[in-house]
Protein chains: 2
Amino acid sequence: MDETIEEIMDATYAALCRHGYASLRMQDIAAETSKSKATLHYHFETKEELLHAFLDYLFARFVERLDRIDEPSAVDGLLAVIDEVLSPPADDAHREFKTALLEIKAQGPYDERYRAQLERFDGVLYDRLFDLLMEGRASGEIDPHVDPADVADFMVTACNGAQTRYVSVGHPLSRSRDGLSRYVREVLAADRDGGGGR
Amino acid sequence: MDETIEEIMDATYAALCRHGYASLRMQDIAAETSKSKATLHYHFETKEELLHAFLDYLFARFVERLDRIDEPSAVDGLLAVIDEVLSPPADDAHREFKTALLEIKAQGPYDERYRAQLERFDGVLYDRLFDLLMEGRASGEIDPHVDPADVADFMVTACNGAQTRYVSVGHPLSRSRDGLSRYVREVLAADRDGGGGR
């Protein structure tokens, strides 16, 4: 990726953390770079265009991170995906950034392009979970009664809920991650304790 | 409740559906009533005060609806709670209203009072699920290995995720509701199919 674009993407992250989504201006993003507002406008005509490019950038990084997961077993793969999606804050601005993302989610009904982008995030996560569940069923690691489509959808919903609660009321991501991990180990895995443990 | 206040609450619902949260003005709410903007200001000094009162009003109605659930069995009670929280749209403006609520959730980090109110919604739902799980364990309807605290938290997270996906990408509430209902019947219930069905 072009160095200037990379710098603008980093600046967009920083500006979203600092100002949130609703009141963000091109000027705020420019202030986080060594470039002028005019340079920003040369690359992205409007704020909306820049933010759509930023979501594409985030999506590419999300796919990369999912692709890097390479566990030998399906159950470990599922747990690694959950860790990736619900990882604890990497920096102090983490919750501010997730808040801006939730604001963007609330734009879904009004902005067709945001919605299509948000669908891709849910979609790639769903596909990855679905594939791991299919693999696990084939290898005998995952209970044969598990329906991969239903369960992958349920897990994507739980991941969305974890992010929402983290932002709206500060519910710890780690608590949601533990709940989802337990679900994988104690409900989906074929070798769970006979009696339950759910 | 005072008739004027009731009218203002109904108007706030309508105005949120029509204008969303971010750009809502007192004038927009007044326009949905037979009252003047001055009358609104007599009852609520600021828009924020009115919206906090509106969330209190929604919360009271939510508690009423949960209290109305009176199923003879714990499993049926859990399913009824899920139906109540993830009921399909009652009117055309349903998604617009849920969108406004998601915008308010994104205000949680910046508005202490919203956050406290949002916590009460999650809290009363958690308590209701927790009590039903405890009842079900005592009566033998719910698997004794189920941890009521962990499972109630997981279910509240899934409900939040269902609302978020419904707004952000139009994911059907009914699909999330079915996923959660299956979880209750096929994972939590003591009389589920021996082998799985999860």
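The values are calculated or read from the model by the stated rules, or taken from the named source; none is laboratory data. From a predicted model like this one, the values you see are computed outputs, not experimental measurements. Positions of Cβ are backbone-derived with ideal geometry, glycine not excepted, and every protein chain shown enters the neighbour counts. Heavy atoms of the whole protein, side chains included, go into the accessibility calculation; ligands, DNA and RNA do not. Shrake-Rupley method; radii C 1.70, N 1.55, O 1.52, S 1.80 Å.
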*What are the nm distances, shortest first, from B:Arg65 to its equivalents in the other copies, labels at 7 Å along Cα→Cβ?*
3.4
*Tell me which residues come under 5 Å, amide H to amide H, from B:Ile142 once H is placed; ignore anything under 5 positions away on its chain.*
B:Arg137, B:Ala190
*Please name which of B:Tyr126, B:Pro148, A:His41 has its Cα lying farthest along the dipole of the protein assembly as shown towards the positive end, using unit charges on Cβ (Lys, Arg +1; Asp, Glu -1) and the Cα centre as origin.*
A:His41
*Return the FRET efficiency for the residue pair B:Asp91, B:Met26: r is the Cβ-Cβ distance, R0 is 30 Å, and the value is rounded to the nearest 0.05.*
0.80
*With a 1.4 Å probe and every protein chain left in place, work out the accessible area per residue of the protein assembly as shown in Å², rounded to a whole number.*
44
*May I ask you to work out the translational diffusion coefficient for region B:112-198 at 20 °C, viscosity 1.002 mPa s, via Stokes-Einstein with Rh from the Kirkwood sum over Cα pairs, reported in whole µm²/s?*
152
*Just the Kirkwood number for region A:12-117, please: inverse of mean 1/r across all distinct Cα pairs, in Å, one decimal.*
15.5
*If you count, for every residue in B:138-148, the Cβ atoms of partner chains within 10 Å of its Cβ, what is the mean?*
2
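For the cross-link pairs A:Lys35/B:Lys47; A:Lys47/A:Lys98; A:Lys105/B:Lys35, which exceed 30 Å when the distance is taken from alpha carbon to alpha carbon?
Too far apart for the 30 Å limit: A:Lys35/B:Lys47; A:Lys105/B:Lys35.
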*chain B: calculated mean residue ellipticity at 222 nm from DSSP helix runs of at least 4, using -39500 (n - 2.57)*: -22500 deg cm²/dmol
*Translational diffusion coefficient (Stokes-Einstein; Kirkwood radius from C-alpha pairs) of region A:11-59 at 25 °C, 0.890 mPa s, in µm²/s*: 229
*How high is the relative contact order of chain B, in percent, with contacts defined as C-alpha pairs under 8 Å that are six or more residues apart?*
22
*With the calculation restricted to Cα positions, what are the radius of gyration and Dmax of region A:91-151 in angstrom?*
16.4, 44
*Please state the relative contact order of region B:86-198 as a whole percent: Cα pairs under 8 Å, 6+ residues apart?*
30
*Could you compute the FRET efficiency for A:Glu49 and A:Arg18, with r as their C-beta to C-beta distance and R0 at 25 Å, rounded to 0.05?*
0.75
_Rounded to the nearest 10 Å², what accessible area does A:Tyr166 have for a 1.4 Å probe in the complete protein model?_
20
_Simple Cβ-charge dipole of region A:11-138, Lys/Arg +1 and Asp/Glu -1, about Cα centre, in debye nearest 20_ = 480
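What helices in chain A pass both tests, a Cα length along the helix axis of 18 Å or more and a mean Kyte hydropathy of 0.0 or higher, using whole DSSP H runs? Kindly include the intermediate steps, with their values, before the conclusion.
Details: long enough: A:3-19 (24 Å, -0.11); A:47-68 (31 Å, -0.19); A:112-139 (40 Å, -0.60); A:148-169 (31 Å, 0.33).
Passing helices, by number: A:148-169.
How many partner chain Cβ atoms sit within 10 Å of a residue's Cβ in peptide A:181-189, on average, as a whole number?
Numbers: counts 0, 4, 7, 0, 0, 5, 6, 3, 0.
Mean partner-chain Cβ count within 10 Å for A:181-189: 3.
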*Classify the protein assembly as shown as rounded, prolate or oblate from the Cα gyration tensor: take a ≥ b ≥ c as the square roots of its eigenvalues, call it rounded if a/c is under 1.5, otherwise prolate when a/b beats b/c and oblate if not.*
oblate
*Compute the label zone of B:Asp10 within region B:44-60: residues whose backbone N is under 16 Å from the point 7 Å along Cα-to-Cβ.*
B:58
*asked:* As a test of the definition: with a 1.4 Å probe, what buried accessible area, both sides summed, do you compute for A against B, in Å² to the nearest 100?
replied: 4000
*When only Cα pairs under 8 Å and 6 or more residues apart are kept, what is the percent relative contact order across region B:1-88?*
21
*Highest mean first, what order results for A:153-160, A:92-99 on Cβ atoms within 10 Å?*
A:153-160, A:92-99
*Shielding of B:168-174 by partner chains, average beta-carbon count, 10 Å*: 6
*asked:* Within chain B, what whole-number % of the accessible surface is contributed by carbon and sulfur, with the 1.4 Å probe and all protein chains included in the calculation?
replied: 47
